[in-house]
Amino acid sequence: MPDRRFRSTLRRFFSPHSSPAIADGQRQAEQNPVAVLFRILGAAHDGADPDEGLLDQLAFILEHEPAHRGLQKRWLLHRLPDSELREQIVALLDRHQQPWDEIPFEPQAYAACWTDIGSVPEDCHPWSESFRELDSEFQGQILAYVARRKTRYLFNLNEARNHALRLAAPLARWVFPWDGCCFLTSDAWHVIRPLLDLPELAYLAVPSSLLDDRQSLLCGTSQPPLADGLPLLGFLGPSEVPYNAGLDEIGEVDTDLLRRLGLPGPWLHEEPDVVNWSGFDITPVPDRGRLVQAGWVYRLPPHPPGDSEERRENARLSARRIDMKLVREALDSQPLHCWHGLAAAKELIPGLQAFAANARAVPPLSVTDKPANLAGLPERQYVNAVPHWQSLAGSESTIQRGVLSGVLFPVAGDVSQNYDRTRLQLMVDCVCTLALDSHLNDDQESRRHAVRLVRAWFLEPATAMIPDGAYARLSGSEPARSVLDAALDFRDFFPLIDALSLLLEAGCFTLAERQQLDAWFDAFLAWLASESAVFLQANSGRSASTWYHLLMLAIASYRGRLNVACQVFDNLPGLLDRQFRPDGSPRSAPSGVPLSHEHLFNLQAWSNLVVITTALGRDLMAFRDSNGVALVMAFAYAHRHLPEEQSSHAGVSARSWLAAMQVQIQPAVSSVVAPDLPPLADASTGLPPFWTLCSRAGIPQ
């Protein structure tokens, strides 16, 4: 059987045009109209199957609603994110010769709508421990408020109503900006029409009836129905009291103006369903005495839920579906997330072939190479019980810089060889180097050796690492304090995943091996997600949280786990607010003091997040929350508060480190200006800072 979308398309294609009588009557009725009925398609629909319901409603109205003398009918398409659905609606309207206007859905504009946690009180912050003590309804209100920029863009019915008022003002004296699912009978219009000539009238409230069986409208009845739905409003001329398009609470969109007009109903006696810090305006409309209630209108099924909590959840899920759709489109068009400028590279990377030659001399590495494991642990368990480097992400450790430059291995000291962090870093660096060499220089031996390294670490039954990091960053023999700390050891999976993508694209692995790699990263992602909420609540201000989100986003994107990737997107503004003040200074230090190595390490994670979010269609550098917190301010503050010129733990000066970040994010954004740091114009677009520091001349080392 064809699916529901296909069946709907068949019905639309074979559905009859409006009957000649309806079409001719509509043309005659619209001569010298006294009113315009603008029905809005998209913003108000909140059914279980929005595509099917919206098309069926529209077809029924176009085929059966009679013409009304003095009333011009128009349609407004409001931000329909589904292009296929939009095309079907447009075809249906055009076939019935119906005029329509549109507020288009713009993916880039929606992608700029991040969550905003800036004005949420600390005791209500979703990452605070006190948040877990709140009741579920209040939690839902808070989460809806945090997501208000998204839902305001997608479901802002008040914005669409105001737009309809502006469009219709030159066409007629009265304007009815109604939901698209409304059906107006001849009997109802005969009641409404005489009132539009009353000189003292400025607003008309039309009660609505929630219809369960739309076929009953074809039977013909002159009796007014039971008014069990919210009234819909009409306005005389250009209204001086437009709808409030800035409402943060989706549950108040339909009742806000009813309350301010003083229209009798339960909304007058109920407390507004908003959080108490949202600044909800209930100022009465000055000329509310010029309102009358008359007539009726039917709302076709399916109906939006009446419960505010359910409506908020539906809006959140709808926004998440659109987020996932946009991420999928970005992944389809751009498979690389760290090196997404690689395809546009005009020249070879200086020194790459020399680095690759040294990488080919490194034997396959494995967690089983440890001299001895901790008691009771499997041999293939990853273990790291020594301090590790917090340096530039993506092949920047002292180890790789020594080995790839031809220095005899090992270079990090004998103690580090007892555990796995050294081998992990070297494996990542070698695979990244070899994958780039095979891609840019078509070196077959580099490709073959990269595959050997990957198989030894991830695929061979005797040597493959168990996909979790429970014993990374140990203190003595205790397991890692949290997945956040452990994730620091694996932060360089970000460039490694792009290297794997290049190797997979080149057909280097069998189908079985591809499936093994997929299963390994799925299991590792599941381990990362375990109990992460508890750790984030207590550690959101630390750099480990930033690196954790980068790792989650990189793996989720690689594996097509769209829901996880979108959840990371939603987390990032809150993480930014927990870490930085509006002036860009880190909250973990007094404002005005030079940045520490830890702060620069955190900024490196953020610069990596800028790169991957840009590859996925989101502009993180353009974000600014309601308190003024913005990542661009954090980078600007760092430029003004660099520590004294001395080497970091990785032998790189803070100035060079920050310059490398600047090179990294400049191809993605143009909002960072650093006049006190010279631009590194010769850097390869889109490549990680490893190549800036290790293969570019003139950069301080």
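The values are calculated or read from the model by the stated rules, or taken from the named source; none is laboratory data. Keep in mind that this is a model prediction, so the values were computed, not measured. Because the Cβ atoms are built from the backbone with ideal geometry, glycine has one as well, and the counts that use them run over all protein chains shown.
Here are A67, A109, A91: which of them is out of contact with any Lys or Arg (no Cβ under 6 Å at 6 or more places or on another chain) and assigned to a loop (DSSP other than H, G, I, E, B)?
Numbers: A109 fails: assigned to a loop (DSSP other than H, G, I, E, B); A91 fails: assigned to a loop (DSSP other than H, G, I, E, B).
Matching residue, one of A67, A109, A91: A67.
Would region 480-489 turn up any residue that is in contact with a helix residue (DSSP H, G or I) (Cβ under 9 Å, 6 or more places away or on another chain), modelled with pLDDT of 90 or more, part of a loop (DSSP other than H, G, I, E, B) and under 21 Å from V564 (Cβ atoms)? Walk me through it before giving the result.
Within region 480-489, the subset in contact with a helix residue (DSSP H, G or I) (Cβ under 9 Å, 6 or more places away or on another chain) is 480-489.
Now drop any that are not modelled with pLDDT of 90 or more, which leaves none.
No, that holds for no residue.
Just the residues that are assigned to a loop (DSSP other than H, G, I, E, B) and more than 24 Å from E137 (Cα to Cα), please, taken from region 247-267. Reasoning before the result, please.
Keep residues of region 247-267 that are assigned to a loop (DSSP other than H, G, I, E, B), which gives 247-249, 253-255, 262-265.
Selection gives G262, L263, P264.
Condition check ((1) buried (at least 22 other Cβ atoms within 10 Å of the Cβ); (2) in contact (Cβ under 8 Å) with a residue 60 or more places away in the chain; (3) in contact with a Phe, Trp or Tyr (Cβ under 6 Å, 6 or more places away or on another chain)) across all residues:
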site: L143; (1), (2), (3): no, yes, no
site: Y153; (1), (2), (3): no, yes, yes
site: P170; (1), (2), (3): no, no, no
site: A188; (1), (2), (3): yes, yes, yes
site: P194; (1), (2), (3): no, no, no
site: P199; (1), (2), (3): no, no, no
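Anything in region 297-321 that is closer than 17 Å to D254 by Cα, of a type in the set (K, R) and either under 26 Å from the mean Cα position of the chain (by Cα) or surrounded by fewer than 19 Cβ atoms within 10 Å (Cβ to Cβ) (or both)? List them, or say none.
The answer is R311, R312.
Of all residues in region 219-270, which are exposed (fewer than 15 other Cβ atoms within 10 Å of the Cβ) and within 33 Å of the chain's Cα centre (by Cα)? Walk me through how you get there before you give the answer.
Taking region 219-270 as the starting set, the residues that turn out to be exposed (fewer than 15 other Cβ atoms within 10 Å of the Cβ) are 219-224, 226, 228, 237-238, 240, 246, 262, 264, 266, 268-270.
The answer is G246, and nothing else.
What are the residue pairs meeting all of these: first residue in region 478-502, first residue in the same structural domain as R447 (by TED's automatic domain parsing) and among the hydroxyl-bearing types (S, T, Y), second residue modelled with pLDDT of 90 or more and in a helix (DSSP H, G or I), Cβ atoms under 9 Å, and 6 or more apart or on different chains?
Hits for this filter: S482/Y548; S501/A435; S501/Y558.
Out of the residues in region 603-655 that are surrounded by fewer than 18 Cβ atoms within 10 Å (Cβ to Cβ) and polar (S, T, N, Q), state the one that is modelled with the lowest pLDDT.
For region 603-655, the residue satisfying everything is S647.
Select, from G402, G406, the only residue that is at positive phi and either modelled with pLDDT under 85 or outside the structural domain of A354 (by TED's automatic domain parsing) (or both). So that I can check it myself, show each step before the final result.
Working: G402 fails: at positive phi.
Matching residue, one of G402, G406: G406.
I'd like to know if region 603-623 contains one or more residues that are assigned to a helix (DSSP H, G or I), among the aromatic types (F, W, Y), farther than 28 Å from R316 by Cα and assigned by TED's automatic domain parsing to the domain that holds R542.
The first filter runs over region 603-623 and keeps only residues assigned to a helix (DSSP H, G or I), leaving 603-615, 620-622.
Narrowing the set further to residues that are among the aromatic types (F, W, Y) leaves 606.
Checking which are farther than 28 Å from R316 by Cα leaves us with none.
Scanning region 603-623 turns up no residue that is assigned to a helix (DSSP H, G or I), among the aromatic types (F, W, Y), farther than 28 Å from R316 by Cα and assigned by TED's automatic domain parsing to the domain that holds R542.
When the residues of region 371-398 are filtered to those that are at pLDDT 70 or above and surrounded by 18 or more Cβ atoms within 10 Å (Cβ to Cβ), which remaining residue is nearest to H439 (Cα to Cα)? Give the steps one after another, and end with the answer.
First pass over region 371-398, keeping only residues at pLDDT 70 or above: 371-385.
Filter once more, so that each one left must be surrounded by 18 or more Cβ atoms within 10 Å (Cβ to Cβ): 373, 381-385.
On the way: N373: 37, Q381: 32, Y382: 30, V383: 32, N384: 32, A385: 36 Å.
So, considering only residues that are at pLDDT 70 or above and surrounded by 18 or more Cβ atoms within 10 Å (Cβ to Cβ), the one nearest to H439 (Cα to Cα) is Y382.
All but one of (1) out of contact with any Asp or Glu (no Cβ under 8 Å at 6 or more places or on another chain); (2) of a type in the set (S, T, Y); (3) touching a residue at least 40 places away in the same chain (Cβ under 8 Å) hold for S216; state the number of the condition that does not hold.
Failed condition: (3).
Determine whether N244 is out of contact with any Phe, Trp or Tyr (no Cβ under 6 Å at 6 or more places or on another chain), modelled with pLDDT of 80 or more and assigned to a loop (DSSP other than H, G, I, E, B).
On the way: out of contact with any Phe, Trp or Tyr (no Cβ under 6 Å at 6 or more places or on another chain): yes; modelled with pLDDT of 80 or more: yes; assigned to a loop (DSSP other than H, G, I, E, B): yes.
When the stated conditions are applied, N244 passes them.
For the structure I just gave you, tell me whether L80 is among the hydrophobic types (A, V, I, L, M, F, W, C), modelled with pLDDT of 95 or more, within 25 Å of G251 (Cβ to Cβ) and touching a Pro at 6+ places or on another chain (Cβ under 9 Å). Talk me through it step by step, then tell me what you get.
Details: among the hydrophobic types (A, V, I, L, M, F, W, C): yes; modelled with pLDDT of 95 or more: no; within 25 Å of G251 (Cβ to Cβ): yes; touching a Pro at 6+ places or on another chain (Cβ under 9 Å): yes.
So L80 does not fit the description; no.
Can you find a residue in region 438-445 that is without any contact (Cβ under 8 Å) to a residue 12 or more places away in the chain and more than 23 Å from W527 (Cα to Cα)? Spell out the reasoning first.
Restricting attention to region 438-445, the residues satisfying the condition of being without any contact (Cβ under 8 Å) to a residue 12 or more places away in the chain are 442, 444.
Subsequent filtering for residues that are more than 23 Å from W527 (Cα to Cα) retains 442, 444.
Looking for residues that are without any contact (Cβ under 8 Å) to a residue 12 or more places away in the chain and more than 23 Å from W527 (Cα to Cα), one finds at least one in region 438-445, hence yes.
Here are some residues: P126, P121. Which one is crowded, with 18+ Cβ neighbours inside 10 Å and within 24 Å of the chain's Cα centre (by Cα)?
Details: P121 fails: crowded, with 18+ Cβ neighbours inside 10 Å.
P126 is the lone residue from the list that is crowded, with 18+ Cβ neighbours inside 10 Å and within 24 Å of the chain's Cα centre (by Cα).
Are any of the residues in region 588-601 β-branched (V, I, T) and either closer than 23 Å to Q666 by Cβ or buried (at least 22 other Cβ atoms within 10 Å of the Cβ) (or both)? So that I can check it myself, show each step before the final result.
Residues of region 588-601 that are β-branched (V, I, T), as a first pass: 593.
When the remaining residues are screened for being either closer than 23 Å to Q666 by Cβ or buried (at least 22 other Cβ atoms within 10 Å of the Cβ) (or both), the result is none.
Scanning region 588-601 turns up no residue that is β-branched (V, I, T) and either closer than 23 Å to Q666 by Cβ or buried (at least 22 other Cβ atoms within 10 Å of the Cβ) (or both).
Residues are listed down the side, and each one gets a yes or a no for (1) modelled with pLDDT under 95; (2) farther than 19 Å from A519 by Cβ; (3) among the hydroxyl-bearing types (S, T, Y):
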position	(1), (2), (3)
D429	yes, yes, no
T433	yes, yes, yes
L440	yes, yes, no
D443	yes, yes, no
R448	no, yes, no
V451	no, no, no
P461	no, no, no
A464	no, no, no
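Output the qualifying pairs, or none if there are none: Cβ atoms under 6 angstrom, residues six or more apart or on different chains, first residue in region 129-140 and closer than 24 Å to G541 by Cβ, second residue among the small types (G, A, S) and part of a helix (DSSP H, G or I).
Listed by first residue and then by second, the contacts come to nothing, as the list is empty.
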